[in-house]
1. Filter region 13-32 down to the residues that are in contact (Cβ under 8 Å) with a residue 12 or more places away in the chain, closer than 22 Å to E52 by Cα and open to solvent by 50 Å² or more (accessible area, probe 1.4 Å) and list them by number.
2. Is at least one residue of region 33-55 surrounded by 11 or more Cβ atoms within 10 Å (Cβ to Cβ), of a type in the set (D, E), under 30 Å from I4 (Cβ atoms) and touching a residue at least 40 places away in the same chain (Cβ under 8 Å)?
3. How many residues does region 53-104 contain that are closer than 14 Å to K122 by Cα and not polar (S, T, N, Q)?
4. Quick one: which residue in V76, V142 is among the β-branched types (V, I, T), open to solvent by 80 Å² or more (accessible area, probe 1.4 Å) and at pLDDT 90 or above?
5. Please work out which residue is nearest to A82 (Cα to Cα), limiting yourself to region 113-132 and to residues that are assigned to a loop (DSSP other than H, G, I, E, B) and open to solvent by less than 80 Å² (accessible area, probe 1.4 Å).
6. Quick check on A104: is it aliphatic (A, V, I, L, M), part of a helix (DSSP H, G or I) and open to solvent by 70 Å² or more (accessible area, probe 1.4 Å)?
7. Among (1) surrounded by fewer than 15 Cβ atoms within 10 Å (Cβ to Cβ); (2) in contact with a helix residue (DSSP H, G or I) (Cβ under 6 Å, 6 or more places away or on another chain); (3) part of a loop (DSSP other than H, G, I, E, B), there is one condition I110 misses while meeting the rest; what is its number?
Amino acid sequence: MDVILLKDVDGVGSKGEVAGVSDGYARNYLLPRKLAEVATPGRIAEVRRDMEEKADQERREAERAEDVRDMLSKTVLTIPAAAGQGEKLFGSITNQDIATAIYAARNIRIDKHRVLLEDHIKALGTYMVPVDVHQTVEHAEVKVIIVAKDE
């Protein structure tokens, strides 16, 4: 019996695939647990269309991510921070601070976990901070300048 898998099933296939399994396995295991449904010609065509639409959407997201990466690579952020003697900051600049500055400068929302700052910035100066835009696109390098805040 041919079935369309609704979830990944070990030893059978992954979600969206059409798999040929024995009648008993389909009736007694896959169908009652909602792991698969019976493959009809109309349903197979529908699943293929859905998979093609999903692939197109992923491709469009990757293209948009490349545009965002290019924009972020050209971005220079200036973040004012309170500093003491020897150019040391009172506190530090975190991933969240950089993500907020990106949103303020370019109106692009970046999750703080995608700002790949190895350690918090604790001194004045210029830093190149990698930002992960999308899993299929290489990360962008954002130039961050930390300046003393005028009080």
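1. Once the filter is applied, which keeps residues that are in contact (Cβ under 8 Å) with a residue 12 or more places away in the chain, closer than 22 Å to E52 by Cα and open to solvent by 50 Å² or more (accessible area, probe 1.4 Å), region 13-32 yields E17, V18, G20.
2. Taking region 33-55 first, the residues surrounded by 11 or more Cβ atoms within 10 Å (Cβ to Cβ) are 33, 35-40, 43-44, 46-48, 50-51, 54.
Applying the additional criterion that residues be of a type in the set (D, E) yields 37, 46, 50.
Okay, now just the ones that are also under 30 Å from I4 (Cβ atoms), so 37, 46, 50.
When the remaining residues are screened for being touching a residue at least 40 places away in the same chain (Cβ under 8 Å), the result is none.
No, that holds for no residue.
3. The initial filter retains those residues of region 53-104 that are closer than 14 Å to K122 by Cα, namely 79-95, 97-98.
From the residues that got through so far, the ones that are not polar (S, T, N, Q) too are 79-84, 86-91, 93, 97-98.
Residues in region 53-104 being closer than 14 Å to K122 by Cα and not polar (S, T, N, Q): 15 in total.
4. V76
5. Per the stated criteria, the residue is L124.
6. Details: aliphatic (A, V, I, L, M): yes; part of a helix (DSSP H, G or I): yes; open to solvent by 70 Å² or more (accessible area, probe 1.4 Å): yes.
It is true that A104 is aliphatic (A, V, I, L, M), part of a helix (DSSP H, G or I) and open to solvent by 70 Å² or more (accessible area, probe 1.4 Å).
7. Tallying (1) surrounded by fewer than 15 Cβ atoms within 10 Å (Cβ to Cβ); (2) in contact with a helix residue (DSSP H, G or I) (Cβ under 6 Å, 6 or more places away or on another chain); (3) part of a loop (DSSP other than H, G, I, E, B), I110 fails exactly one: (1).
The values are calculated or read from the model by the stated rules, or taken from the named source; none is laboratory data. What you are looking at is a predicted structure, and each value in this text was computed from that prediction instead of being measured. Positions of Cβ are backbone-derived with ideal geometry, glycine not excepted, and every protein chain shown enters the neighbour counts. Ligands, DNA and RNA are excluded from the accessible area calculation, which covers all protein heavy atoms including side chains. Shrake-Rupley method; radii C 1.70, N 1.55, O 1.52, S 1.80 Å.
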